[in-house]
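Nothing in this text is a laboratory measurement; each read-out follows from the coordinates by a stated rule. Treat the numbers as computed from the prediction; the structure is a model and nothing was measured. All Cβ positions, even for glycine, are placed from backbone atoms using ideal geometry, and neighbour counts span all protein chains on display.
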Amino acid sequence: MNLLTPFRLTLTIITSLLFILIIISGSLNFIVRYDFIYDYNIATYSIDERTSLNLDKIKEINFNIKTYFFDENELLDVDIYSDKEILHMKDVKHIMNLIFNLGKILSIVFCVFIFLLHSYFEVHLNKVIFYSVILFSSILILLGVSFLLFFQEIFIIFHKIAFNNDLWILNPNTDYLLMMFPEDFFRDVAVLILLSSFLLNVIVYFLFRKLSFRSK
């Protein structure tokens with residue numbers, strides 16, 4: 001058996017997974033930058049009623065949070081948040097930056113792997129993207145069922161892994177951070193990120209497929 005064949009397949013699959021992670025990172029970056037997800041939260045979960053805050057104040061806090069993820073400030077400036085909430089948001093910002101930076105690093109690795117696959121194994125980009133669509137479909141089914149049945153458990157496990165302290169353990173009845181961003185909101189955001197990433201994956205596949213047909 002040609003040992004290059006399983007190596008080629010393994011490298012193709014790894015590169016496909018890298019592409020999935022890159023577009024997930026990009027989708028997260030895009031979603032948290034714009035108002036629609038915050039406006040969705042206000043409208044869907046009646047944040048003004050949950051918090052007894054007026055709409056202008058809620059939107060002001062949302063704007064501060066949105067800009068905080070991309071500025072150089074160490075601490076979030078929201079006067080109604082407790083010190084514990086502020087410190088937790090510092091941890092959240094750190095995680096977000098890790099994800100964004102990981103996306104950039106993986107983009108470079110992805111380009112290197114694509115070069116290797118194309119130059120030495122005659123594997124074209126559209127095939128890698130096709131593999132990523134297949135893999136992403138399986139991931140979506142698995143996560144979809146898991147989110148439907150065990151989202152709260154997954155949410156807790158994620159926090160235990162991502163954070164090395166208990167600052168994330170807040171009271172939904174007294175802490176404004178949880179009142180403004182309930183657990184169901186994070187479920188919705190997770191689903192939106194996955195679905196938008198998968199849709200982008202499919203679009204990119206058909207785009208490169210069309211381009212490859214034109215080049216023949």
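Set against the 2.2 N^0.38 Å expectation for a compact globular protein, the range 4-215 has a Cα radius of gyration ratio of 1.19.
About the Cα centre of the range 45-134, what is the dipole size in debye to 20, counting +1 per Lys and Arg Cβ and -1 per Asp and Glu Cβ, all else neutral?
Numbers: 9 positive and 13 negative charges, 102 e Å.
It works out to roughly 500 debye.
Distance from the Cα centroid of the range 180-200 to that of the range 79-122 is 17 Å (rounded to whole angstrom). Cross-link partners of Lys90 among lysines, defined as those whose alpha carbon lies under 24 angstrom from its own and excluding same-chain residues fewer than eight positions apart: Lys57, Lys59, Lys66, Lys104, Lys160. 3J(HN,Hα) couplings calculated from phi for the range 177-183 with the Karplus curve 6.51 cos²θ - 1.76 cosθ + 1.60 (θ = phi - 60°) are, in sequence order, 4, 6, 5, 7, 10, x, 4 Hz; Gly and Pro show x.
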